[in-house]
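Reviewing the structure listed below.
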Amino acid sequence: MPAARRRYQEAWLRALVKLAWERASGVRRRMEAAGLRPKDLSSLEALTRFPVIKKSALPALQKADPPFGGFCTVPLRQVRKIFVSPGPIFEPMGPEVGGWHAEVGLYAGGFRSGDIVLNTYAYHLTPAAHMIDEALILIGCTVIPTGVGNTDTQVTVARDVGATAYLGTPSFLMTILRRAEEMGVGRLPFQVAQVGAEALPESLRRTFEEHYGIMTRQGFGTADLGMVAYECREKTGMHLVDDAIIQVCDPQSGEPLPNGQIGELVATVNHHTYPMIRFGTGDLTILDDSRCPCGRTAARMLGWRGRADEVTKVRGMFIHPRQVDEAAAKVAGIRRHQVVVTRKEHQDVMTFRVELAEGAEAGAVTPALETSIRDVMKLRGQVEVVPRGSIPDGAKKIDDRRKWD
Ligand SMILES: [Zn+2]
């Protein structure tokens, strides 16, 4: 399977690069500046030669070559819709019918032909709701484009039309379900939900699944790329779609990192109207290519781990405040925690400072936390138990005290 996937991806990559070279002047300019011709980007490895396009650079690139920065391959009259994301960044919806690969994840998450879907993503300016609608139509679903807010209307429409599926943020799903109970409507007919755009705590997922009987899965995408990853029934991370080549890269150098390390999600997406080649999202994630019990062989991204500008590099590995919290959360008996990074004899030293909760024993917490640090951060760190009050309110989660001179 990995060999078949590689053949598939390299075939569309070559076609995409050729198309972009011919019709997307913005891509061509970048290739020429890097001394690249289409034949130089014909394999997954060679693709890395293309310099990362930072999302943060798009507003300026588009301003210099409006409206799309030379990244759109079709004339403006063939663009069906123009979206506006914060930045501002403009995104075109081209003439082709396609669901920005969202259909793959929706299907894996239980969406089927005949489902009636309440789509509560925003319909004004930004593309998410529109992209997903196209994917739902490909599957054969009926869409109710309710958009954001108007909770009472969402409840009555879902009941009256018999909505079987929900799309939107997990927090808004909870709001709708609670409101239905307050209004005396009782249980809404939802059976499946795909949620995104914010974190999904497992406790909230359990409430949806066990209390309300709604199979709830997550998808990950961006306005520029469409959907690139989705959860299967196993909920062990988000499988990457075959129409996106995802690299997790060093946010500074753009070099791909080994699987298991945290880095910036850099994506190349098989999209002919708007070919984003090595687009640096600024989002941090980790890839896992171990086998998933569901049988899919696509690697998984292990959730969203923050923004690239928040990372610190320690002994060649990136660490992020969320990893610090994750490592501490796995160990009972910690009241407060903070990581301090220092240098000793030209070596980085990572010290995990903790204040113990009432009744906790340093002898139990220290080894458990050392294991947790290794598991979560892939680094060795020393644990220092400090007296209560040593870590002040609002202390930096990662305090980088290294001096570089
Ligand atoms: Zn799976």
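Annotation for Lys235 and Lys396: the two label points, set 7 Å from Cα along the Cα-Cβ direction, are 3.6 nm apart. In plain terms, the chain from Arg388 to His211 could stretch by 59.8 nm, reckoned as 0.36 nm per residue minus the Cα-Cα distance. Taken as Cα centroids, region 3-32 and region 242-291 sit 16 Å apart, rounded to the nearest whole angstrom. The slack between Ala3 and Asp242, meaning 0.36 nm per residue of separation minus the straight C-alpha distance, is 84.8 nm. Rolling a 1.4 Å probe across the protein heavy atoms gives region 88-188 an accessible surface of 39 Å² per residue.
With each label modelled as a point 7 angstrom along the Cα→C-beta vector, the Arg159-Arg28 pair spans 5.9 nm.
Of interest is the spacing of the C-alpha centroids, which for region 58-126 and region 175-229 amounts to 22 Å.
Counting pairs on different chains as well as pairs 8 or more places apart, how many Lys pairs in the chain have Cα atoms under 19 Å apart? Taking the Cα cut-off of 19 Å, the pair count is 14. Solvent-accessible area per residue in region 327-405 equals 60 Å², computed with a 1.4 angstrom probe and all protein chains kept. Projecting the Cα atoms of Met350, Met317, Ala327 onto the dipole axis of region 296-405, where Lys and Arg carry +1 and Asp and Glu carry -1 at the beta carbon, places Met317 farthest toward the positive end.
Split the accessible area of the chain by element, probe 1.4 Å, and carbon with sulfur accounts for 52%. With both residues required to sit in region 129-233, DSSP beta bridges show an antiparallel share near 35%.
The values are calculated or read from the model by the stated rules, or taken from the named source; none is laboratory data. Source: prediction; values computed, not measured. Cβ atoms come from the backbone with ideal geometry, glycine included; neighbour counts cover every protein chain shown. Heavy atoms of the whole protein, side chains included, go into the accessibility calculation; ligands, DNA and RNA do not. Shrake-Rupley method; radii C 1.70, N 1.55, O 1.52, S 1.80 Å.
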